[in-house]
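Below is one structure, written out as structure tokens; the observations come after it.
The values are calculated or read from the model by the stated rules, or taken from the named source; none is laboratory data. Note that the coordinates shown come from a computational prediction; the quantities given were computed from them, not determined experimentally. Note: ideal-geometry Cβ built from the backbone for every residue, glycine included; neighbour counts use all protein chains shown.
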Amino acid sequence: MQLAGTQSELSSGEWTSVFQQAGQLGMLHAHFTGGEPLARMDLTELVSAARTAGLYTNLITSGVGLNDQRLAALMGAGLDHIQISFQDSREEAANWIAGAKAHAHKIELSQAIRKYKVAFTVNLVVHRQNLDHLEEMIAFIETLNPDRVEIAHAQYYGWALANRAALMPTREQVEKGVAIVAEAEKRLAGRMRIDAVIPDYYAKYPKACMGGWGQRLMLINPSGKVLPCHAAEVLPQMSFENVRDRPLQWIWEESESFQRFRGESWMAEPCRSCDHRAEDFGGCRCQAFLLSGEAEATDPACSLAPKHSVIESALRESNAGTSVKQGTGGSSFVQLQQQSAALWTYRTNPE
Amino acid sequence: MVLYPEGAIKLHGTGREVLERCDGQRTFGELIAELQKEFGTTDPEKIRGDISGFLEQLQRRRIVDY
């Protein structure tokens, strides 16, 4: 049995060429992400090729399908960093949200990973359904002994946007969560690094998506299409190049898709004259399009955005029935900003 | 250049001198002593303080252990 579409996938040889081109271009990291990268039977070979090209290799995986033998092979190929996602500390809840009985396997896998000399990150996705026991989840992650944990709020793209009402935390949950993370960060300093991503809906200014369009990241999909970000295919009037047709360097430097939102000339007001434009680049293009219908618009997550009302109404819905004070919430919001300012990072693979 | 999960640091000068000596063999004390000798004109206590602070930062990012 074969999944539809695998024939259009890049071959091992084609990937090897892509990694070599990336290394020559000055790229530093290769992230193997998905979907599920373990679905590539030649993953070990690809990791080895990326390393040979001078790239730091990172495998982002659910861990499903990774047995001891395959793990050993990946480590033998010199994998630098492995990142396993957990959905919860409670097995039943984790399996429910994942839609698979994967939790127990992930725990075993984490123990196996610690036998190797490799950087290990646990990724924890938090949302309305699990935030109330964040402390318990952090305590659980401590038992897995990773070098680093990413506590990432669900970001509302794709299915998460369709299920936003069920996933969006209340303001109270977010504020408590930020305080819990700040405490854990202090307590675990030197032992475990915590990177937290707060939900941009509650932020005053939008996230610096991808560190700027066409500034840091190229995403190459299984069939060789090159995207400036994971979600870019939702944008209208975009066409993307393929590594089968063009050198990677040309795509990075010259292609229309990478030029489209690079720099500041594409910006409309209020971004164009805003002091924050060099920090957040007007936010996320995909979110701007998904929520306002215009790819060039200021990300509605920004409090200065003309379409910020769509965020406000989502927040009102999410906080309806809670005792959160509207209007007077300003001071607590500022506190949230201050506490989380140091924690602001953007996860490069929003899922 | 030091590459680590989701990041990279380009090291110059003294930072590089320090990290090149983090070889899994030298102790913290030996490393300090070597650099105090090498930068003999600088106050040894200042050297110790600066290096401690630098390594602590790197440990927080889980780049070194000591």
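Please indicate, with yes or no, whether at least one residue in segment A:105-124 is under 21 Å from A:GLN173 (Cβ atoms), more than 14 Å from chain B (Cβ to nearest Cβ) and of a type in the set (Val, Ile, Thr). Within segment A:105-124 (the criterion being under 21 Å from A:GLN173 (Cβ atoms), more than 14 Å from chain B (Cβ to nearest Cβ) and of a type in the set (Val, Ile, Thr)), the answer is no, since none of the residues qualifies. Residues in segment B:1-21 that are over 30 Å from A:LEU217 (Cα atoms) and either within 14 Å of chain A (Cβ to nearest Cβ) or not basic (Lys, Arg) (or both): 3 in all.
Selection of segment A:196-242 for residues being part of a loop (DSSP other than H, G, I, E, B), touching a helix residue (DSSP H, G or I) at 6+ places or on another chain (Cβ under 6 Å), among the hydrophobic types (A, V, I, L, M, F, W, C) and closer than 16 Å to A:HIS31 by Cβ yields A:LEU217, A:CYS229, A:ALA231.
Test A:ASP245 against the stated conditions and say whether it is acidic (Asp, Glu) and under 20 Å from the mean Cα position of the chain (by Cα).
Criteria not met by A:ASP245.
One residue alone among A:GLY54, A:GLY34 is of a type in the set (Gly, Ala, Ser), within 22 Å of A:ILE220 (Cα to Cα), surrounded by fewer than 18 Cβ atoms within 10 Å (Cβ to Cβ) and touching a strand residue (DSSP E or B) at 6+ places or on another chain (Cβ under 8 Å), and that residue is A:GLY34.
Within segment A:197-229, the only residue that satisfies the criterion of being within 13 Å of chain B (Cβ to nearest Cβ) and either under 25 Å from A:GLU136 (Cα atoms) or among the polar types (S, T, N, Q) (or both) is A:VAL197. Counting only helices (runs of 4 or more DSSP H) that fall entirely inside segment A:140-195 and contain at least 2 residues that are in contact with a Leu (Cβ under 7 Å, 6 or more places away or on another chain), the qualifying elements are A:158-162, A:171-188.
Yes or no, residue by residue, for (1) buried (at least 17 other Cβ atoms within 10 Å of the Cβ); (2) among the charged types (D, E, K, R); (3) at pLDDT 95 or above:
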position: A:MET1; (1), (2), (3): no, no, no
position: A:ALA22; (1), (2), (3): yes, no, yes
position: A:LEU28; (1), (2), (3): no, no, yes
position: A:VAL47; (1), (2), (3): yes, no, yes
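Within segment A:269-311, which residues are of a type in the set (A, V, I, L, M, F, W, C) and either assigned to a loop (DSSP other than H, G, I, E, B) or surrounded by fewer than 18 Cβ atoms within 10 Å (Cβ to Cβ) (or both)?
A:CYS274, A:ALA278, A:PHE281, A:CYS284, A:ALA295, A:ALA297, A:ALA301, A:CYS302, A:LEU304, A:ALA305, A:VAL310
To keep it simple, each residue is scored yes or no on (1) more than 25 Å from A:ASP80 (Cβ to Cβ); (2) touching a Gly at 6+ places or on another chain (Cβ under 9 Å); (3) in contact (Cβ under 8 Å) with a residue 12 or more places away in the chain; (4) of a type in the set (Gly, Ala, Ser).
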site	(1), (2), (3), (4)
A:ASN95	yes, no, no, no
A:LYS101	yes, no, no, no
A:VAL122	no, no, yes, no
A:VAL125	no, no, yes, no
A:GLU142	no, no, yes, no
A:VAL149	no, no, yes, no
A:ALA154	yes, no, yes, yes
A:ALA165	yes, no, yes, yes
A:PRO169	yes, yes, yes, no
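With (1) within 14 Å of chain B (Cβ to nearest Cβ); (2) loosely packed, with under 14 Cβ neighbours inside 10 Å; (3) hydrophobic (A, V, I, L, M, F, W, C) as the list, and A:ALA166 as the residue in question, which single condition is left unmet? Checking A:ALA166 against (1) within 14 Å of chain B (Cβ to nearest Cβ); (2) loosely packed, with under 14 Cβ neighbours inside 10 Å; (3) hydrophobic (A, V, I, L, M, F, W, C), the one that fails is (1).
When the residues of segment B:22-63 are filtered to those that are surrounded by 16 or more Cβ atoms within 10 Å (Cβ to Cβ) and part of a loop (DSSP other than H, G, I, E, B), the one that is farthest from the other protein chains (Cβ to nearest Cβ) is B:CYS22. In the set (1) farther than 24 Å from A:LEU219 by Cα; (2) part of a loop (DSSP other than H, G, I, E, B); (3) not small (Gly, Ala, Ser), A:GLU108 fails one condition alone, (2).
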